[in-house]
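Since the structure comes first, as structure tokens, the remarks are kept for the end.
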Amino acid sequence: EALVRWDDPEKGMVFPGEFIPVLERNGYIVELDFYVFEEICRMLRRWIDSGEKPVPVSVNLSRAHLKHPDFMERFRRVWEKYNIPADLLEIELTETLVFENIEALISIIDQIHQIGFTCSLDDFGSGYSSLNMLKDVPVDVLKLDRAFFRGEISERGKRVVEGVIDLSKKLGMGTVAE
């Protein structure tokens, strides 16, 4: 997963929890998402050109993109510019997007799949999850929220995680634990 950090010359390391909400409020999060996506494509191209075996990388997609119905076209152009195998790129959505406009989200996932990218649902189980959502939203990977794994995990908690993993397998989805 491509993660963003801000190394400010005066403040030092600024973590996403501090600057991402500001970028989401002012709309610049969209430009950050595109910047990260292009940097990942550039990095993958370097790896391929140098003979290294690249690994798939996921990049986050902010809900702010939903305001622009044709935003996936910009992702497509960047991807084509670097000529990266589509299966090396995963677009990561947060489960909060599901509850804002499920029809728009399904359309976006369809566009992601049409290009050939993998699509994952991040923070699954962080409070918004619904089994009903799993039947409607055609993502490829569930990323289980770290809350499942904090502290000592009870037997009941283990069974819940095992059940989610088993259900994911039955739905043909992969799982990742944060």
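The values are calculated or read from the model by the stated rules, or taken from the named source; none is laboratory data. Every value quoted in this text rests on a predicted model; they were computed, and no experiment measured them. Backbone-built Cβ (ideal geometry, glycine too); neighbour counts: all protein chains shown. These accessible areas exclude ligands, DNA and RNA; they are computed on the full protein's heavy atoms, side chains included. Shrake-Rupley method; radii C 1.70, N 1.55, O 1.52, S 1.80 Å.
Numbers at a glance
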read-out	value
Share of carbon and sulfur in the accessible heavy-atom surface of the range 1-103 [1.4 Å probe, %]	54
Kirkwood-based Rg to Rh ratio, the chain, C-alpha trace	0.98
Dipole moment magnitude, nearest 20 debye, the chain about Cα centre, only Lys, Arg, Asp, Glu C-beta charged	260
Solvent-accessible area per residue, Å², over the chain with all protein chains present [probe radius 1.4 Å]	59
Long pairs among Lys11/Lys158; Lys11/Lys67; Lys11/Lys81; Lys67/Lys169; Lys53/Lys81; Lys53/Lys135, criterion Cα-Cα beyond 31 Å	Lys11/Lys158; Lys11/Lys67; Lys11/Lys81; Lys67/Lys169; Lys53/Lys135
Rounded to 10°, Cα long-axis angle of helix 102-115 versus longest principal axis of the chain	60
Folded to 0 to 90 degrees: helix 29-49 orientation relative to the chain principal axis, Cα	80
Simple label model, 7 Å out from Cα along Cβ direction - Val176 to Asp49, nm	2.6
Rough spin-label spacing in nm, given labels placed 7 Å along Cα→Cβ, for Asp7 and Ser154	4.4
0 to 90° range, to nearest 10: angle between helix 16-26 axis and the chain longest Cα axis	70
Inter-label distance for Tyr35 and Ile165, nm, one decimal - labels placed 7 Å from Cα along Cα-to-Cβ	3.8
Area of Leu32 that stays accessible when all protein chains are in place (1.4 Å probe, Å², to 10)	30
Signed unit charges on C-beta, dipole axis of the chain, positive-most listed residue Gly27, Val164, Gln111	Val164
Residue-span extension gain [Ala147 to Phe15] - 0.36 nm each, minus C-alpha spacing	45.6 nm
Equivalent ellipsoid semi-axes - Cα gyration tensor, the range 1-74, angstrom	24, 19, 9
Heavy atoms of Ile102 accessible to a 1.4 Å probe, total area in Å² rounded to 10	50
Exposure of Glu1 as accessible area (Å², to 10), given a probe of 1.4 Å and all protein chains	100
